[in-house]
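Just so you know, all these numbers are worked out from the coordinates, no wet-lab data involved. For clarity, every value in this text was computed on a predicted model and none was experimentally measured.
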Amino acid sequence: ELKVEQNPLFLSMQEGKNYTIYCNYSTTSDRLYWYRQDPGKSLESLFVLLSNGAVKQEGRLMASLDTKARLSTLHITAAVHDLSATYFCAVDADGYALNFGKGTSLLVTP
Amino acid sequence: ETGVTQSPTHLIKTRGQQVTLRCSSQSGHNTVSWYQQALGQGPQFIFQYYREEENGRGNFPPRFSGLQFPNYSSELNVNALELDDSALYLCASSLMTRGNTEAFFGQGTRLTVV
């Protein structure tokens, strides 16, 4: 059974600070996705990572994938309040199902 | 906005009843997946439909069933509702291509079983 672990599960950070969210998974895969979810809302696709060494950036967020280490990171640079949300990584190991982590609940404070 | 629409947005049902949730996929997509998200948890894969056939199934009992129609829209049916079925049900639309299963999610249906 594929396991996807995110850490931390909860993160409170000050505006302007940097931080990294980690996503480890237990089986071979080169397809990893990051989603954002606001309270009571659906999932918004942030990044699609489809090969070892893939790095993608959008604004203050940067995601990377190391398939050999079975690790993806989501790096936050100079956090702002608008980034407060829950972030999920999801791994596809079989070509149809996304296996999600438990999510990282991020709160950015002044 | 992803172009994936679900109905209804909220629903309250009594234990033992049956429920049908609906999803219209994004234009150009041929695959629909359903996920259950309990409060405070990540989404769990229920099943996927491709070309009107079930293409994969997660660890959910047979009382969870589905359909996909020729226009790629889909239904999720749950029989004999239990209290633990209370969750946000998410429909995800994608284009079945080799090597990329990026999915776009609808706004979800919040089901409460009392």
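If you run the Gaussian network model on chain A, springs between alpha carbon atoms under 10 Å, then out of A:Asn18, A:Asn99, A:Asn52 the most flexible one is A:Asn18.
So which residue, out of B:Gly58, B:Gly40, B:Gly28, gets the largest mean-square fluctuation from a GNM of chain B using Cα contacts under 10 Å as springs? Comparing B:Gly58, B:Gly40, B:Gly28 in the GNM, the peak value goes to B:Gly40.
For A:Val80, the residues 5 or more places off, or on other chains, whose built amide H falls under 5 Å of its own are A:Gly16.
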